[in-house]
1. Considering K78, K57, K47, which residue is farther than 13 Å from L15 by Cα and in the same structural domain as R13 (by TED's automatic domain parsing)?
2. The conditions are (1) at pLDDT below 80; (2) touching a Lys or Arg at 6+ places or on another chain (Cβ under 6 Å), and G79 fails exactly one of them. Which is it?
3. Just to be sure I understand, how many residues within segment 29-79 are basic (K, R) and assigned to a strand (DSSP E or B)?
4. Just to check your reading of the model, which residue among D33, D18, D40 is more than 28 Å from E98 (Cβ to Cβ) and in contact (Cβ under 8 Å) with a residue 12 or more places away in the chain?
5. Those residues that are in a loop (DSSP other than H, G, I, E, B) and closer than 21 Å to A73 by Cα, I need them from segment 3-15; list them, please.
6. Suppose we filter segment 127-144 for residues that are modelled with pLDDT of 70 or more and not in a helix (DSSP H, G or I); how many remain?
7. Going through segment 162-191 one residue at a time, which ones are of a type in the set (A, V, I, L, M, F, W, C) and either closer than 30 Å to K134 by Cα or at pLDDT 95 or above (or both)?
Amino acid sequence: MDSGASFHMTRDRDLFSDLEEKDFGVHIEMGDDGRYSATDIGTISFKRESGKPFILKEVMHVLGLKKNLISVAMLEDKGYDVVFSKGKAFLFCKTTSETQKIGVRVKNLYQLHVDGCATMVGKAEGLVSRDDGKLWHRRLGKLHHGALKILQQITIGLPKGTLAQLDQCKGCTLGKFVKATFHEKDSHAMTILEIIHTDMCGPFSVASIAKHMYYVIFVDDFSRKCWIFFMQKKSETY
């Protein structure tokens with residue numbers, strides 16, 4: 001839930017119950033200075049165990065987003081008040097005076113959490129989402145998706161339908177990387193302090209007892225003697 005978002009936005013096409021192409025002629029600017037185009041607009045429905053489905057209309061389909069965003073401003077424009085209190089987000093309808101919990105605080109962010117709900121999307125019966133493919137790929141220790149298909153046939157308990165993963169698994173890709181060999185250096189120091197190698201590291205997630213967050217290291221190429229200095233600020237490097 002984002003008070004800075006201009007529209008409801010998602011990159012996941014599978015979440016929409018209906019979707020239509022529309023040329024907005026605008027670019028969505030994100031916090032990382034990225035500019036993304038909105039290609040479609042549609043409706044997302046959340047089917048709840050009790051009560052009416054929770055429906056979000058005029059949701060933009062924006063490729064390149066890392067998170068799904070619910071615009072607080074759009075909810076207010078629809079006649080709702082959004083209240084954040086004690087780690088929960090509430091939606092108050094001015095016309096019906098109905099209040100419902102729609103979000104919970106997770107660390108420093110409020111995430112959508114309509115009680116007992118699941119996304120109701122326009123899919124054929126028996127199909128599973130690509131998120132299920134990712135989930136079982138991870139649960140089974142990065143098992144290949146071809147093996148997952150075989151596992152569905154010889155076991156019970158796995159979801160029906162395809163468990164193919166559309167997105168490439170980042171962890172599997174990194175695990176297949178091969179470290180390149182270092183080439184021999186063209187030049188070597190012939191005396192002490194002729195060549196010095198240096199590098200700065202930090203900031204660290206946890207500071208030391210003396211509040212140090214960085215260190216800078218110097219290595220003499222000839223003698224291999226090392227000096228290391230700990231710093232509280234990066235500006236102390238020079």
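The values are calculated or read from the model by the stated rules, or taken from the named source; none is laboratory data. Predicted model, so just to flag it, every value in this text is computed and none were measured. With ideal geometry, Cβ positions are generated from the backbone for all residues, glycine too; neighbour counts draw on all protein chains shown.
1. Details: K57 fails: farther than 13 Å from L15 by Cα; K47 fails: farther than 13 Å from L15 by Cα.
K78 is the lone residue from the list that is farther than 13 Å from L15 by Cα and in the same structural domain as R13 (by TED's automatic domain parsing).
2. Condition not satisfied by G79: (1).
3. Step one: filter segment 29-79 for residues basic (K, R), giving 35, 47-48, 52, 57, 66-67, 78.
This time we only want the ones that are assigned to a strand (DSSP E or B), so: 35, 47-48, 57.
Counting residues in segment 29-79 that are basic (K, R) and assigned to a strand (DSSP E or B) gives 4.
4. Answer to the selection: D40.
5. Let us first name the residues in segment 3-15 that are in a loop (DSSP other than H, G, I, E, B), namely 3-7, 11-12.
Across segment 3-15, the qualifying residues are S3, G4, A5, S6, F7, R11.
6. Our first condition is that a residue be modelled with pLDDT of 70 or more; within segment 127-144, this holds for 132-144.
Narrowing the set further to residues that are not in a helix (DSSP H, G or I) leaves 140-144.
Here the count works out to 5.
7. To start, the set of residues in segment 162-191 that are of a type in the set (A, V, I, L, M, F, W, C) comprises 163-164, 166, 169, 172, 174, 177-178, 180, 182, 189-190.
L163, A164, L166, C169, C172, L174, F177, V178, A180 - these are the residues of segment 162-191 that are of a type in the set (A, V, I, L, M, F, W, C) and either closer than 30 Å to K134 by Cα or at pLDDT 95 or above (or both).
Yes or no, residue by residue, for (1) over 30 Å from G141 (Cα atoms); (2) outside any strand (DSSP E or B); (3) among the charged types (D, E, K, R):
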{"site": "T173", "(1), (2), (3)": "no, yes, no"}
{"site": "K179", "(1), (2), (3)": "no, yes, yes"}
{"site": "F182", "(1), (2), (3)": "yes, yes, no"}
{"site": "T191", "(1), (2), (3)": "yes, yes, no"}
{"site": "F204", "(1), (2), (3)": "no, yes, no"}
{"site": "S208", "(1), (2), (3)": "yes, yes, no"}
{"site": "K211", "(1), (2), (3)": "yes, yes, yes"}
{"site": "I217", "(1), (2), (3)": "yes, no, no"}
{"site": "W227", "(1), (2), (3)": "yes, no, no"}
